[in-house]
Amino acid sequence: MKLNALPLIMFLTLTTITFSQQEVIVIDREEYDQKYSSPKNIKLNENTHVFKFAPLNMIVGEINFGYERQISQKGSLDFEIGPTISKIGFNVNSHLMDQWSQPTAVDETGLGVLLGIGYRFYPLDNTEALNRFYVSPTMKYKVYNHFERDLTNTLGDEKGQNSNLNFTFNFGYQTWLAKSFSMDFYAGLGIGYQQRTDHSIVNEFNGSSWGYKWQQQSSSGARYVFTAGIKIGIGKE
């Protein structure tokens, strides 16, 4: 009877050990899930590049188109390009330079260009580049052109220019309202270099009579720069 009970005892022992091991694994898995799972399921972006437009930049005469492309899990390159429009206003075709001068001169709108490039780093955990909070050093070059015209056609037209080279360190947040639609909010502070060229009409005595001529004024220097805006994006995988 003792020999017949030995196999039964061994079978019960092995069964107990097997079920005990399986039970420990299940308990550890539950504890792991409770400890490391996030209470909010964060959805990572499904796009690797985004085409953008900055509507508020039109206030300062920029028609700003952008393109952002993911180059690593946490980093992306952001580009800006587009025309600039100077002397912009409401129902105003030109801007009177000096209403007391003879002849009368005006500044007229001209087209320029903007170019920008920046690197974006998305530091938050559980997110990839192109999604949520980012920091971005950015370099941007803008040229505003305008034309100075004598209304009496006594003098020929002159071209004025305002060029800006700005470096800013931006903070922003890009959120995806739909699978392929994003909103990009940003603000930053930096320094820039500005150079201006303008002309005005002055009197000139040529030895026998008085006449008029264009006189150029140029200025340049460094300045602090603040930037802020919104970009609307269309994403693509």
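The values are calculated or read from the model by the stated rules, or taken from the named source; none is laboratory data. Everything quoted here is computed from the prediction, not taken from an experiment. Cβ: placed from backbone, ideal geometry, glycine included. Neighbour counts: every protein chain shown.
Select from segment 120-130 the residues that are out of contact with any strand residue (DSSP E or B) (no Cβ under 6 Å at 6 or more places or on another chain) and without any contact (Cβ under 8 Å) to a residue 60 or more places away in the chain and list them in ascending order. If the condition is that a residue be out of contact with any strand residue (DSSP E or B) (no Cβ under 6 Å at 6 or more places or on another chain) and without any contact (Cβ under 8 Å) to a residue 60 or more places away in the chain, then P123, D125 are the ones that fit. Exactly one residue out of K159, K142 is surrounded by fewer than 14 Cβ atoms within 10 Å (Cβ to Cβ) and not aromatic (F, W, Y), and it is K159.
Can you tell me which residues in segment 131-166 are touching a residue at least 40 places away in the same chain (Cβ under 8 Å) and among the hydrophobic types (A, V, I, L, M, F, W, C)? Listed by number, the residues that qualify are F133, V143, F147, L151, L155.
When segment 176-195 is filtered for residues that are assigned to a strand (DSSP E or B) and within 10 Å of I234 (Cα to Cα), the ones remaining, listed by number, are W176, A178, F181, S182, M183. When segment 165-178 is filtered for residues that are in contact with a Leu (Cβ under 9 Å, 6 or more places away or on another chain) and buried (at least 18 other Cβ atoms within 10 Å of the Cβ), the ones remaining, listed by number, are T168, N170, Q174, W176.
Scan segment 24-49 for residues that are surrounded by 11 or more Cβ atoms within 10 Å (Cβ to Cβ) and either among the charged types (D, E, K, R) or modelled with pLDDT of 95 or more (or both) and the total you get is 2. The set of residues from segment 198-237 being surrounded by 12 or more Cβ atoms within 10 Å (Cβ to Cβ), within 28 Å of the chain's Cα centre (by Cα) and of a type in the set (S, T, Y) comprises just one member, T227. Does V135 satisfy the condition of being touching a strand residue (DSSP E or B) at 6+ places or on another chain (Cβ under 7 Å), over 18 Å from I81 (Cα atoms), of a type outside the set (G, A, S) and at pLDDT 95 or above? Yes; evaluated as a whole, the condition is true for this residue.
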